[in-house]
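The values are calculated or read from the model by the stated rules, or taken from the named source; none is laboratory data. Model, not experiment: these values are computed from the prediction. Here the Cβ positions follow ideal geometry from the backbone for every residue, glycine too, while neighbour counts run over all protein chains shown. For accessibility, only protein heavy atoms count, side chains too; no ligands or nucleic acids. Shrake-Rupley method; radii C 1.70, N 1.55, O 1.52, S 1.80 Å.
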Amino acid sequence: MTITEKILAKHAGRKRVAPGDSIWVDVDILMTHDVCGPPTIDIFRREFGQDARVWDPEKLVVLPDHYIFTANHHANRNVRLLREFAADQSLPHFYDVGTPRYKGVCHIALAEEGFNRPGSLLIGTDSHTCTSGAFGLFSTGVGNTDAALIMGTGKIWLKVPETMRFVFDGALPPYLMAKDLILAVIGEIGCDGATYRAMEFDGEAVYSLNMQERMTLTNMAIEAGGKNGVIAPDDVTMAYVRERTDASFEIVRSGQSARFHSEYVYDVSKLEPVVAKPHRPDNRAMVTEVAGTRLDRAYVGSCTGGKLEDFEAAAGIIKGNEVAIDTFIVPATTEIGRALHSTHVDGMSLYDIFEQAGCKLGNASCAACLGGPPDTFGRNMGTEVVISTTNRNFPGRMGSKQASVYLASPLTVAASSLSGVITDPRTVLV
Amino acid sequence: MMEGKAYVVGDAIDTDQIIPAEHLVYSLRRPEERRMYGRFAMSGIPDTGQGLPFGSLPFTRSDAYQSEYTIVIAGSNFGCGSSREHAPFALAEAGGKAVVATSYARIFYRNAVDGGFLVPFESQERVNDRVRTGDIVSIDTKLGLLVNKTTGEEHLLRPLGDVADILRAGNVFEYARQSGLIAT
Ligand code: SF4
């Protein structure tokens, strides 16, 4: 069986499962946030009673992150509803806004707080819940109704997916990042190329990545329609997890006789920096093909491209220069926000590098990645042409449906922010 | 059996086009707020793609909370993007009864079924190239047939398969009760 099949079989209490089987599985962690949490709670109460208790408070993680720094009173009410629910249910894992516990973007927070445990089964009310699969676990996004059923019972029905395998051989050149690899895959198989399937990433280049970069790969599995993205755990995974939790877990890998739906093999030394052109993540072009395209702004942030590694990559290019266009820097989490101050390139903190270059620095949250209320930091309001490290560029995703968004790696975004046109990072990397 | 006016859209209509993220702040429970989902349903689709083949035909008129269209006809990968259940909810709140698409994104399909919002039919051919916005269409679930009453054309639908049991039960809670997973 594949890693995905093994994890699902174990959580269904079966020896074996095969693709296509419909099974009920036990959920180890349920995550929700401020957009989908309140309606999930409404459904939970409607179905299980006003006084119902969640199935296991230890297993429910509540991370407000989407609409945080806004005056919108409906958005603020949603955070308040989470707060009341967390108090009412005595939830130990609520990361409230305005407290030192506040984290920011849920998928990265789950990793940092030690909830991503190899071999486990994690469900979230957010499509990018597939991010957690970087830790060798099964994770997928669901809607409010399914989440409410889990809240009451700890269970969900799933159909066992077939697995597509993506192997990246070779050593990653310094001008490429995980973002280039996943944009190449999505461009090849399309926005629905992995619908109903698992995407397993493998190969020397994948195991050379740190956990942050691995999360970029699994994060965008959903942009190909994938049910989950997964990378088998190794020593790098173990070191990260052990630093963050004492919880027990079990390492699972695809077996010798595992059957895959298909296999794609890439030699990363032959790949080039890639963008997704407006208005689809599978609208792939080589950076060289679109170089020179005029831009209005650059954006570095989100669960895809707002991790410390992403800012280190961007800072390496931006350091000592001034940006030519509005450039927004939004750390995914408060931990990353603090690390911008404590991480240095040639003696200068990342924060100072960005500030002196004229970038606009925001607070940890989803911010303009999904548009949001009109006062959201970095949100598109008109016909802007944007290059962004985020994961979606459908019309209106970052606010205005007249805007055009190019998706790219932090290296490509940083290089472009200095020139104001789409720029190949190879031209500025020394 | 259901019948209604068709609203036709293209491929890869993602959840931000079905209900733009800025509107997700409204309660799905309070009547004075939930009707906003009906008002803004499909409002994220660029003008040229609204109501094919004509364009610039909003799903819900800007002074209304309900759509005059009850059957959405789409191309491939309908509902891709986010996991927001607000998407099928918004279509249902506007009065939508069914979607007919060549294919769906997994989470949208699941949400439509598990929440009991609307029936996601899969068509065997690209019906959205044949039906025009405003045509009267009827769907015969038993026969798996969509009939365009305006033009007389007929189109085959795929069987609902696994999810038919959940649709029949009403939603995943009723289904779970019937299968003994939740105490009744
Ligand atoms: S950063 Fe963007 S993609 Fe990630 S969880 Fe937030 S809104 Fe979703």
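Computed quantities for the displayed model
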| item | result |
| --- | --- |
| Gap separating the Cα centres of segment A:290-368 and segment A:1-43, nearest whole Å | 35 |
| Tensor-based shape of segment A:324-370 (alpha-carbon gyration tensor, a/c under 1.5 rounded, otherwise prolate or oblate) | oblate |
| Percent carbon-and-sulfur accessible area, segment A:212-257, ignoring ligands, DNA and RNA, probe 1.4 Å | 44 |
| Residue-normalised accessible area of segment B:1-150, expressed per residue, 1.4 Å probe, Å² | 34 |
| Summed buried accessible surface, chains B and A, 1.4 Å probe, nearest 100 Å² | 3900 |
| Cut-off of 10 Å, at most 15 other beta carbons, DSSP loop: longest stretch of chain A lacking such GluC sites (Glu not before Pro) | A:1-249 |
| Dipole magnitude of the protein assembly as shown, debye to nearest 20 (Cβ charges: Lys/Arg +1, Asp/Glu -1, about Cα centre) | 1060 |
| Accessible carbon and sulfur surface of segment A:286-397 relative to its total accessible area, %, 1.4 Å | 45 |
| GNM flexibility winner over chain B from B:133, B:102, B:141 (Cα, springs under 10 Å) | B:141 |
| Estimated dipole of segment A:52-179 in Debye, rounded to 20 [Cβ of Lys and Arg +1, of Asp and Glu -1, Cα centre] | 100 |
| Prolate/oblate/rounded call for chain A, Cα gyration tensor, a/c under 1.5 rounded | oblate |
| Listing of segment B:154-179 residues, each with accessible area lower by at least 40 Å² in the full protein assembly than in the chain alone (probe 1.4 Å) | B:162, B:172, B:173 |
| At most 16 other Cβ within 10 Å, DSSP loop - chymotrypsin sites (Phe, Trp or Tyr not before Pro), segment A:62-132 | A:69 |
| Segment B:155-181 and segment A:240-276: distance between their alpha carbon centers, rounded to Å | 34 |
| Above-threshold pairs, the threshold being 29 Å between Cα atoms, out of A:159/B:97; A:227/B:97; A:155/B:5; A:227/A:307; A:270/A:307; A:6/A:59 | A:155/B:5 |
| Cut-off under 5 Å, modelled amide H: who pairs with residue A:264 long-range | A:165, A:166, A:167 |
| Residues in segment B:1-34 occluded by at least 50 Å² - accessible area, probe radius 1.4 Å, against chain by itself | B:16, B:22, B:25 |
| Where GluC sites (Glu not before Pro) in DSSP loops with at most 16 other Cβ within 10 Å are excluded, longest remaining stretch of chain B | B:1-67 |
| Around residue A:272: net Lys/Arg minus Asp/Glu count, Cβ-Cβ under 9 Å | 0 |
| Helical segments meeting 18 Å axial Cα length and Kyte-Doolittle -1.0 threshold in chain A (DSSP H) | A:73-88 |
| Three-way shape label, segment A:295-405, alpha-carbon gyration tensor, a/c 1.5 | prolate |
| For residues of B:106-113, the mean tally of beta carbons on other chains within 10 Å | 6 |
| 10 Å Cβ neighbours from other chains, averaged over peptide A:182-192 | 2 |
| Shielding score for A:119-132, defined as the mean number of other chain Cβ atoms within 10 Å | 2 |
| For chain A, calculated [θ]222 nm from helices alone, where every DSSP H run of n ≥ 4 adds -39500 (n - 2.57) | -9000 deg cm²/dmol |
| GNM flexibility winner over chain A from A:366, A:36, A:106 (Cα, springs under 10 Å) | A:36 |
| Where chain A is the region considered: accessible area per residue in Å², 1.4 Å probe | 33 |
| 13 Å beta-carbon shell around residue A:260, net charge (K/R +1, D/E -1) | -2 |
| Among A:214, A:80, A:197, residue whose mean-square fluctuation peaks in a GNM of chain A (springs only between Cα atoms under 10 Å) | A:80 |
| Table column - 3J(HN,Hα) (Hz), segment A:278-290, Karplus curve with 6.51, -1.76, 1.60, x for Gly and Pro | x, 10, 9, x, 9, 7, 6, 8, 5, 4, 4, 6, 10 |
| Within segment A:1-115: Cβ-based charge dipole about Cα centre, in debye rounded to nearest 20 (Lys, Arg +1; Asp, Glu -1) | 220 |
